[in-house]
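Structure first, then comments.
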Amino acid sequence: MRTHVTQKGITMIGFVMLLGVVGFFAYAAMKLVPVYSEYFGIVKAMKQLQTEPNIESKSIDEIRALLNVKFSVQYVDDNTIPKGGYQLVTENGQRSLRIAYDKDIPFVYNVDMLVHFSKTVDLAHGASY
């Protein structure tokens with residue numbers, strides 16, 4: 001008497017398709033992880049800036065100079081944030097620093113990924129939102 005044996009596993013075509021999907025997302029992650037790592041360095045530098053004495057009374061140029069020193073420690077490229085990316089906002093007598101910039105990442109051939117970053121920290125109280 002013969003027993004019915006079923007095959008288990010994945011076909012070669014299924015394996016190639018699975019490998020293509022996994023490879024696509026792995027390639028996207030390899031392109032995006034350094035950009036997000038740099039952003040988290042910027043956020044960390046901004047939070048360190050909040051602890052500086054009399055930071056709420058400094059000008060935007062002084063704040064930018066302090067941030068550039070902190071950026072070098074966090075491995076943030078000098079050209080990441082354009083000069084217009086820094087904004088000093090005053091609302092109800094409280095000052096906050098906003099950094100906003102876009103990062104264009106070449107992906108494949110003529111396809112790019114555009115990532116927008118924006119972070120605001122309150123300079124008066126040391127709280128971020």
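Please treat every number below as a calculation from the coordinates, not as lab data. Predicted, not measured: the structure shown is a model, and the values here were computed from it. A quick note on method: Cβ atoms are made from the backbone with ideal geometry, for glycine too, and the neighbour counts reach across all protein chains shown.
Each residue of the range 48-53 in turn: what ³J(HN,Hα) in whole Hz from Karplus with 6.51, -1.76, 1.60 and θ = phi - 60°, glycine and Pro shown as x?
3J(HN,Hα) across the range 48-53, in whole Hz: 5, 5, 4, 7, 5, x.
Each residue of the range 74-82 in order: what ³J(HN,Hα) in whole Hz does its phi give by Karplus 6.51 cos²θ - 1.76 cosθ + 1.60, θ = phi - 60°, with x for Gly and Pro?
8, 6, 9, 5, 5, 8, 5, 9, x
In nm, what is the difference between 0.36 nm times the number of residues separating residue 78 and residue 25 and their Cα-Cα distance? Could the numbers behind the result be given before it?
On the way: separation 53, 0.36 × 53 = 19.08 nm, distance 2.88 nm.
Result: 16.2 nm gained on full extension.
Mind giving me the FRET efficiency for residue 104 and residue 11? R0 is 41 Å, r the Cβ-Cβ distance, nearest 0.05 is fine. Mind dumping the intermediate values first?
On the way: r = 39 Å, r/R0 = 0.96.
Efficiency at R0 = 41 Å is approximately 0.55.
If you only keep lysine pairs separated by 8 or more in sequence, or across chains, how many in the range 1-72 come under 19 Å at the Cα atoms? Spell out each step's value before the answer.
Values: 44/70; 47/58; 47/70; 58/70.
For the range 1-72, the number of qualifying lysine pairs is 4.
Could you grab the relative contact order for the range 33-122? Cα pairs under 8 Å, six or more apart, rounded to a whole percent. All intermediate terms of the calculation are to be shown ahead of the outcome.
Details: 104 pairs, mean separation 21.8, N = 90.
For the range 33-122, the relative contact order is 24 percent.
Step through the residues of the range 34-42 one at a time and calculate ³J(HN,Hα) from phi using the Karplus curve (6.51 cos²θ - 1.76 cosθ + 1.60, θ = phi - 60°), rounding each to whole Hz and writing x for Gly and Pro.
Ordered by residue, 3J(HN,Hα) equals x, 5, 5, 4, 5, 4, 5, x, 5 Hz.
Run the helix sum for the chain: -39,500 (n - 2.57) per DSSP H stretch of 4+ residues, divided by residue count, reported at 222 nm to the nearest 500 deg cm²/dmol.
On the way: 2 runs with 52 residues, N = 129.
For the chain, the value works out to -14500 deg cm²/dmol.
In degrees from 0 to 90, rounded to the nearest 10, what is the angle of the helix 60-73 Cα long axis to the longest principal axis of the chain?
Tilt relative to the chain: about 40 degrees.
Can you give me the C-alpha center-to-center distance between the range 1-26 and the range 85-100, rounded to a whole angstrom?
Answer, in whole Å: 55.
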